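The values are calculated or read from the model by the stated rules, or taken from the named source; none is laboratory data. Everything numeric in this text was worked out from a predicted model, so none of it was measured. Reconstructed Cβ throughout: ideal geometry from the backbone, glycine too, with neighbour counts over all protein chains shown. Side chains included, ligands, DNA and RNA excluded: accessible areas come from the protein's heavy atoms. Shrake-Rupley method; radii C 1.70, N 1.55, O 1.52, S 1.80 Å.
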Amino acid sequence: MTTFETDARYLAKTYRRFPLEIAEGRGSLVTGTDGREYIDLGSGIAVNLFGLQDEQWKRAVIAQLDRFQHCSNLYCCEPVARLAELLCTRTGMERVFFSNSGAEANECAIKVARKWAAEAKGKEFYNIITLNKSFHGRTLATLAATGQDVFHRNFQPLPAGFLYADVGDRAGLERLLKEHPCAAIMIECVQGEGGVIPIGQTFADDIRALAEQYQVLLICDEVQLGNGRSGRLYGYMNYGLTPDVVTTAKGIGGGLPLGATLLGARVAEVLQPGDHGSTFGGNPVACAGGVSILSRIDEPLLRGVRERSDYIFRELTGAPGVECVSGMGLMIGVKTARPARECAELALSRGVLVTTAKDRIRLLPALNIPMEQLKTAIQALKTCAEK
Ligand SMILES: *Cc1c(COP(=O)(O)O)cnc(C)c1O
């Protein structure tokens with residue numbers, strides 16, 4: 001059997017795969033087993049922050065592998081402590097819980113919000129308000145937090161305690177806060193899976209004001225947008241928000257599974273021994289890679305992200321067949337005259353890897369993609385937009 005046939009026979013049918021088998025890659029170039037080279041504008045869904053086989057990341061990972069690969073959370077070790085310190089000093093947060101994925105980072109945030117609210121406000125204050133079209137993960141609780149009915153169907157009953165507000169609807173959000181005892185508001189500053197939609201400064205201000213007024217926590221899900229992709233270290237920094245909890249994953253590990261839940265001053269002491277845990281969470285190899293990634297997200301890199309972003313917006317806005325361009329930094333949605341999936345498949349046939357989000361193709365290139373490769377890929381994409 002070919003790999004395609006074996007894959008189709010033995011893997012659960014959860015993913016609609018593109019017709020490409022990856023052989024190897026370097027930077028933002030991927031080679032398929034078909035012998036063709038592709039320019040990668042997907043980064044394995046926002047994961048490979050500095051592209052494939054990034055030398056510094058590889059060195060950090062291999063150096064840790066040469067010491068030990070795992071030691072459990074019963075002992076401390078250097079890369080884990082160092083990454084937590086870096087995350088806190090660069091955000092002003094107080095403590096970090098490490099896990100292995102975005103969903104787990106959000107599960108932890110939900111548990112923290114519930115425990116904080118039960119202790120600070122009373123046990124009925126367990127509701128968490130999320131936004132319609134949000135995406136927070138696939139575990140049952142994070143699925144319930146995800147404000148999209150399509151994902152809820154077939155998996156009832158979901159955990160209770162989640163309410164949904166529309167992006168931009170201040171009055172609706174306030175009504176929920178007034179009518180239900182709440183623990184937190186949880187948001188993505190740019191809704192990723194929901195179609196690459198920024199919530200906007202006005203609504204961000206509304207959320208900040210209402211969270212303050214109703215004394216609920218603000219949780220920012222930075223799983224996709226975080227770690228430099230927005231053009232700042234974390235997406236919420238673009239809106240001047242000060243979240244109590246920040247969750248991240250995807251890019252932070254540079255390609256190895258790593259999730260982090262950052263706890264601000266109000267909730268820093270909420271988790272106590274026995275409250276939460278993970279066998280693999282905070283794996284030393286993943287964290288060593290994370291240190292290498294995070295310590296290189298500096299102002300020159302972020303300036304490069306913004307320049308690349310400006311280039312993409314400039315080139316695609318108003319181009320033939322492009323109906324709209326949305327997003328922030330290097331998380332960009334492009335609505336084309338051609339249906340999104342068809343456009344992504346056409347792009348693949350023309351040597352460019354992109355993903356989709358709802359009715360858009362979604363661009364999530366490596367933060368350091370060489371400008372020449374980006375230009376080639378964007379020009380190729382332009383030829384795919386028209387019907
Ligand atoms: C991908 C994503 C998640 C889920 O992350 P997993 O690592 O797949 O569990 C959660 N929130 C957002 C915003 C995401 O983009």
- prompt: Applying the Karplus parametrisation 6.51 cos²θ - 1.76 cosθ + 1.60 with θ = phi - 60° to the phi angles of segment 326-333, what ³J(HN,Hα) value in whole Hz is obtained for each residue in order, glycine and proline being reported as x?
  reply: 10, x, 7, x, 9, 10, 10, x
message: Could you tell me how many cubic angstrom of Cα convex hull volume the chain has per residue?
response: 148
field: Rg ratio (alpha-carbon, reference 2.2 N^0.38 Å) - segment 1-50
entry: 1.26
- request: Distance from a point 7 Å along Cα→Cβ of residue 358 to each backbone N in segment 132-153: keep the residues under 14 Å and list them by number.
  value: 132-136, 147-151
query: Just for the Cα atoms in segment 123-270, what are the lengths along the principal axes, largest first, rounded to whole Å?
result: 41, 37, 33
message: Using a 1.4 Å probe on the protein heavy atoms, what percent of the accessible area of segment 191-265 belongs to carbon and sulfur?
response: 51
- prompt: What are the aspartates and glutamates whose alpha-carbon lies under 16 Å from the alpha-carbon of residue 335, with same-chain residues fewer than 8 places away excluded?
  reply: 193, 315, 323, 345, 359, 386
query: Counting only heavy atoms of protein chains, what accessible area per residue, in Å², does segment 128-240 have with a probe of 1.4 Å?
result: 37
field: Relative contact order [Cα under 8 Å, 6+ residues apart], the chain, whole percent
entry: 23
field: Per-selection metrics, segment 177-242 (Cα): Rg and Dmax in Å
entry: 12.1, 37
field: Orientation-averaged projected area, Cα convex hull of segment 265-387 (nm²)
entry: 10.9
Per residue solvent-accessible surface (Å²) - segment 58-116, probe of 1.4 Å: 54
- request: Please list 104-115, 171-182, 334-345 highest first by mean number of surrounding beta-carbon atoms within 10 Å per residue.
  value: 104-115, 334-345, 171-182
query: Given a 1.4 Å probe and every protein chain left where it sits, what share in percent of the accessible area of segment 27-161 is carbon and sulfur?
result: 55
statement: Of the listed links 111/178; 123/178; 115/358; 13/375, those spanning more than 26 angstrom between alpha carbons are 115/358; 13/375
- request: Determine the principal axes of the Cα atoms in segment 51-135, then give the extent along each, sorted from largest to smallest and rounded to whole angstroms.
  value: 50, 34, 24
query: Can you give the alpha-carbon Rg of segment 207-283 over 2.2 N^0.38 Å, where N counts its residues?
result: 1.21
Ranked by how many other beta carbons lie within 10 Å on average, peptides 2-8, 22-28, 222-228 from highest: 222-228, 22-28, 2-8
